[in-house]
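Colleague: Take a look at this one; I'll ask things after.
The values are calculated or read from the model by the stated rules, or taken from the named source; none is laboratory data. As the structure is a computational prediction, the values presented were derived from the model and not from experiment. Don't worry about glycine lacking a Cβ; one is built from the backbone with ideal geometry, like all the others, and counts go over all protein chains shown.
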Amino acid sequence: MNRTRTFMLMAALVALFMGLGFLVGGRSGALVALVIAAAMNAFAYWNADKLVLRMHGAREVGPDHPLHRMVAALARNAGMPVPKVYLVDQAQPNAFATGRNPENAAVAATTGLLQMLDRDEIEAVMAHELGHIRNRDTLIMTVTATIAGAISMLGNMALFSGNDQNRNPIVAIAALVLAPIAAALVQMAISRTREYGADAAAAEISGKPLKLASALAKLSQAAARIPNPVAARNPATAHLYIVKPGIGGVADSLFSTHPAPENRIAALEAMANAGGSGLGAQAEPWPRRRPPSALGIPRSGS
């Protein structure tokens, strides 16, 4: 059902994109829009992960790092390739995944996340990101973000192309205003369906749905008070994170990139009550009480 909803939403996004192309230039405009979308998506397919990691100033950690060992154990437990593992030196506790497929993927966690959560919660969060990779959500969200940006561009073309004789100002203004909004709504809807799917995958991979629930509660509260400079400069990256950066407790509505934390927590609690303990990875123990320098990561403000 989740895949069907996503396919329908993406089809609506592509149809909207081509419809705007038709509005701008007729049949040839629709064809040009299709070519542009293909070119943008091809670029995003091969380069999106590198751009996202560079944007965050992420640094890769090797197999001897505790976070890498944890992710590797979870990946083996899920029967998937071990992704590259990155740290982002940022106070806001958050995490994200990127990459075009499970064989070319990366997961990243902020230093704030490692300092706030206990070992089991970190494991559950990283299992969530692996769930995104296994479900190929990272590619889906890249495609939708790319097409949504192209729709905004076509909306501007609809407003300013042509001359005063052949331009319908009402249609042009509608294209400029309504099309980007519609594209954003579709993108947000796809993001929300993917979060529920990744939460379910995390419960299976880590076997700890209640630990993910407690992590979500902590992260969403912290995201409301600790700024995320990357998301502030690039709002289009909001859908990448496990919780919406900068805004905790968002309403589960058309205008949010993430489901409301309380709804996700309720779903995870229902999984736990149903006895879905998952496979349960046996990762190396993470120190529950550690000094600020135990991982070689200074605490924020130190």
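Colleague: Does segment 125-139 contain any residue that is in a loop (DSSP other than H, G, I, E, B), at pLDDT 95 or above and surrounded by fewer than 24 Cβ atoms within 10 Å (Cβ to Cβ)?
Modeller: no
Colleague: For V243, all conditions in the list (1) touching a helix residue (DSSP H, G or I) at 6+ places or on another chain (Cβ under 6 Å); (2) at pLDDT 85 or above; (3) assigned to a helix (DSSP H, G or I) hold save one; what is the number of the exception?
Modeller: For V243, the failing item is (3).
Colleague: Would you check if there is a residue in segment 101-112 being without any contact (Cβ under 8 Å) to a residue 40 or more places away in the chain, crowded, with 21+ Cβ neighbours inside 10 Å and not acidic (D, E)?
Modeller: yes
Colleague: Return the pair list, or none, for Cβ contacts closer than 7 Å from residues in segment 201-214 that are touching a residue at least 40 places away in the same chain (Cβ under 8 Å) to residues that are among the basic types (K, R), at least 6 apart or on different chains.
Modeller: Close Cβ pairs (under 7 Å, with a partner that is among the basic types (K, R)) amount to A201/R134.
Colleague: Give all pairs with beta carbons closer than 6 Å in which a residue from segment 226-238 that is in contact (Cβ under 8 Å) with a residue 40 or more places away in the chain meets a residue that is polar (S, T, N, Q); count only pairs at least 6 apart in sequence or on separate chains.
Modeller: That search, which allows pairs on different chains as well, returns I226/Q92; N228/Q92.
Colleague: In addition: Give the residue, chosen from L113, L67, L34, that is farther than 24 Å from I205 by Cβ and either in a helix (DSSP H, G or I) or touching a strand residue (DSSP E or B) at 6+ places or on another chain (Cβ under 6 Å) (or both).
Modeller: L34
Colleague: Here are some conditions: (1) surrounded by 22 or more Cβ atoms within 10 Å (Cβ to Cβ); (2) modelled with pLDDT of 95 or more; (3) not charged (D, E, K, R). S214 meets all but one. Which one does it not meet?
Modeller: It is condition (1) that S214 fails.
Colleague: Among the residues of segment 98-114, is any under 17 Å from I242 (Cα atoms), modelled with pLDDT of 95 or more and in contact with a His (Cβ under 8 Å, 6 or more places away or on another chain)?
Modeller: Yes, segment 98-114 contains a residue that is under 17 Å from I242 (Cα atoms), modelled with pLDDT of 95 or more and in contact with a His (Cβ under 8 Å, 6 or more places away or on another chain).
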